[in-house]
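A.B. asks: Input: one structure, supplied below.
The values are calculated or read from the model by the stated rules, or taken from the named source; none is laboratory data. As the structure is a computational prediction, the values presented were derived from the model and not from experiment. Neighbour counts are summed over all protein chains in view; Cβ atoms, including those assigned to glycine, are modelled from backbone coordinates with ideal geometry.
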Amino acid sequence: MEEWFNVGKIVNTQGLKGEVRVISKTDFPEKRYKIGNTLFLFLPKSDTPIELTVKSHRTHKSFDMLTFEGYESITEVEKFKEGFLKVPDSQLDELDEDEFYFHEIIGCTVITTEGKEIGKILEILTPGANDVWVIKAGGKEILIPYIEDVVKKVDVKEKTIIIEPMEGLLS
């Protein structure tokens, strides 16, 4: 049974030439949106994905802008709005030792180097230079930067992450 991973959501069209505006959910936009790459579009009221080939990719503000081969006008892509772009697990690449997929990190338990459990990773933000991991700790959320100084060990099999909190990080 094939598993599907969310790459992004088409939120609107852009211009008249079939470009769509995507809110990205992928860890690797440069790989997923590479020209010639295949993505699968799942529409809200359909069980059958539409296979799409990336024709162009650019970023605009906080969006990824895509066009697909064979879809040249706004009228052809209008129906794609609210659809989710996904890839099958067979398209997931082998990652380097220090790289992880978002779905592997979310839900992991975060523990300090001193053995104190902080909470579970709720979501991952990608604001810029480094990712920020959001931890649900009791009733509050703690943000930790995904940088070498803080994140010491990630074990996706055991679903645990060891961090060395910088001063003030957990207070």
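A.B. asks: Of the residues Leu43, Leu16, which is more than 17 Å from the chain's Cα centre (by Cα) and surrounded by 15 or more Cβ atoms within 10 Å (Cβ to Cβ)?
C.D. replies: Working: Leu16 fails: surrounded by 15 or more Cβ atoms within 10 Å (Cβ to Cβ).
The conditions single out Leu43.
A.B. asks: Right, here's the next one. Taking the stated definitions as given, is Ser56 among the polar types (S, T, N, Q) and either modelled with pLDDT of 95 or more or touching a His at 6+ places or on another chain (Cβ under 6 Å) (or both)? Outline the logic, then answer.
C.D. replies: Numbers: among the polar types (S, T, N, Q): yes; either modelled with pLDDT of 95 or more or touching a His at 6+ places or on another chain (Cβ under 6 Å) (or both): yes.
Here the answer is yes, as Ser56 does meet what is asked.
A.B. asks: Is there a residue being within 25 Å of Gly8 (Cβ to Cβ) and without any contact (Cβ under 8 Å) to a residue 24 or more places away in the chain anywhere in segment 76-92? Steps first, answer last, please.
C.D. replies: Initial filter on segment 76-92 (within 25 Å of Gly8 (Cβ to Cβ)): 76-92.
Now restrict to residues that are without any contact (Cβ under 8 Å) to a residue 24 or more places away in the chain: none.
Checked against the condition, which is being within 25 Å of Gly8 (Cβ to Cβ) and without any contact (Cβ under 8 Å) to a residue 24 or more places away in the chain, segment 76-92 yields no hits at all.
A.B. asks: How about segment 154-164: which of its residues are over 21 Å from the mean Cα position of the chain (by Cα) and either in contact (Cβ under 8 Å) with a residue 12 or more places away in the chain or not in a loop (DSSP other than H, G, I, E, B) (or both)? Write out each step before concluding.
C.D. replies: Looking only at segment 154-164, we keep the residues that are over 21 Å from the mean Cα position of the chain (by Cα), and these are 158, 162-164.
Ile162, Ile163, Glu164 - these are the residues of segment 154-164 that are over 21 Å from the mean Cα position of the chain (by Cα) and either in contact (Cβ under 8 Å) with a residue 12 or more places away in the chain or not in a loop (DSSP other than H, G, I, E, B) (or both).
A.B. asks: Whether any residue in segment 64-84 is surrounded by 12 or more Cβ atoms within 10 Å (Cβ to Cβ) and closer than 29 Å to Lys159 by Cα is what I want to check.
C.D. replies: yes
A.B. asks: Residues that are touching a Lys or Arg at 6+ places or on another chain (Cβ under 8 Å) and more than 30 Å from Val150 (Cα to Cα): find the helices (runs of 4 or more DSSP H) completely inside segment 1-117 holding 1 or more of those. Before the answer, list the steps.
C.D. replies: Details: elements: 29-32, 74-77, 102-105.
Output list reads 74-77.
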